[in-house]
Amino acid sequence: MEAIDAIMTRRSVRKFQNQQIADAILGKIIKTGTYAPSALALQPWGFVVVQDQAFLNRVSDYCKPIMHSLMKDAHDGMSDAFRALLESEGYSIYYHAPTVIMIIGKTASRFREIDCALCAENMMLAAHSHGIGSCWIGSTEVAYDNKELMAGFRIPEGYSPVGTIAFGYPAEIPEAHDKKDPHVTWVR
Ligand SMILES: Cc1cc2nc3c(=O)[nH]c(=O)nc-3n(C[C@H](O)[C@H](O)[C@H](O)COP(=O)(O)O)c2cc1C
């Protein structure tokens, strides 16, 4: 897949098949992530690959009601659609994806969030080019201060979570969509 096609046809996928992704393909997705630019070439990222569904369900059950109360008065963007999802029967914040990868960054690294976000986008595009869907799951953030639950992610000393992405073969492929025209200022 051409890079520009991959970028313009990638969508967040929220329905996955049960089929697990082969370790070798997950390895390639992670490797592609590490080709992202990073400040001072520090490459401050690390990865936690979670395939324990019982653990993911526990994290989801903890996050769901908190997300619901945080979102109760939100109506911007896809807030209404997201609230409807949160209220739907059997909803998991990870959409029952077979693999969830938490991208972690070296806590002491000043640009770790930017570096890891660039890495994450590479990973989502690489996944898409392998026919694998993905969705960044910001909802995990509300569990960050729950030490007991976070212990399950086995984050190594010196690293902190930056983002969590669900990966799996899509059961439903959303169509490519148009994005808003951005405000652009030219200075020349
Ligand atoms: C930082 C961040 C957090 C997100 N958190 C969630 C989430 O918790 N649940 C979810 O379903 N989608 C989440 N998304 C996906 C966005 O809703 C999605 O990217 C947006 O609606 C645009 O759709 P697209 O990715 O298909 O272009 C998140 C995306 C980003 C970048």
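None of the figures in this text is laboratory data; all of them are computed from the coordinates on show. Note that this is a predicted model, so its numbers are computed, not measured. Positions of Cβ are generated from backbone atoms using ideal geometry, with glycine treated the same way; all protein chains shown enter the neighbour counts.
Points to keep in mind about this one:
Quick grid of which residues meet (1) aromatic (Phe, Trp, Tyr); (2) farther than 22 Å from residue 20 by Cβ:
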site: 65; (1), (2): no, yes
site: 78; (1), (2): no, yes
site: 91; (1), (2): yes, no
site: 95; (1), (2): yes, no
site: 100; (1), (2): no, no
site: 126; (1), (2): no, no
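- Qualifying residue in region 26-42 (condition: closer than 17 Å to residue 124 by Cβ, in contact with a strand residue (DSSP E or B) (Cβ under 6 Å, 6 or more places away or on another chain) and within 16 Å of the ligand (Cβ to nearest atom)): no
- Answer from 24, 117 - the residue that is without any contact (Cβ under 8 Å) to a residue 60 or more places away in the chain, of a type in the set (A, V, I, L, M, F, W, C), loosely packed, with under 15 Cβ neighbours inside 10 Å and part of a helix (DSSP H, G or I): 24
- Long-range neighbours under 8 Å by Cβ, at least six apart or interchain, first residue among the aliphatic types (A, V, I, L, M) within region 74-96, second assigned to a loop (DSSP other than H, G, I, E, B) and more than 9 Å from the ligand (Cβ to nearest atom): 85/91; 86/71
- Count of residues meeting criterion [farther than 26 Å from residue 175 by Cα and either within 12 Å of the ligand (Cβ to nearest atom) or aromatic (Phe, Trp, Tyr) (or both)] in region 98-126: 4
- Against the numbered list (1) more than 17 Å from residue 38 (Cβ to Cβ); (2) assigned to a strand (DSSP E or B); (3) among the hydrophobic types (A, V, I, L, M, F, W, C); (4) within 10 Å of the ligand (Cβ to nearest atom), residue 162 comes up short only at (1).
- Among the residues of region 65-80, at least one is among the β-branched types (Val, Ile, Thr), within 16 Å of the ligand (Cβ to nearest atom), surrounded by fewer than 19 Cβ atoms within 10 Å (Cβ to Cβ) and assigned to a helix (DSSP H, G or I).
- Identity of the residue in region 86-97, aliphatic (A, V, I, L, M) and in a loop (DSSP other than H, G, I, E, B), that ends up farthest from the ligand (Cβ to nearest atom): 97
- Among the residues examined, residue 62 qualifies as part of a helix (DSSP H, G or I), aromatic (Phe, Trp, Tyr) and within 16 Å of the ligand (Cβ to nearest atom).
- Annotation note: Cβ proximity below 9 Å between a residue of region 123-137 that is without any contact (Cβ under 8 Å) to a residue 24 or more places away in the chain and a residue that is more than 13 Å from the ligand (Cβ to nearest atom) (sequence gap 6+ or interchain) occurs for no pair.
- Residues (small (Gly, Ala, Ser), more than 15 Å from the ligand (Cβ to nearest atom) and closer than 26 Å to residue 8 by Cα) located in region 127-151: 129, 131
- When the residues of region 1-21 are filtered to those that are assigned to a helix (DSSP H, G or I) and surrounded by 15 or more Cβ atoms within 10 Å (Cβ to Cβ), the one that is nearest to the ligand (Cβ to nearest atom) is 9.
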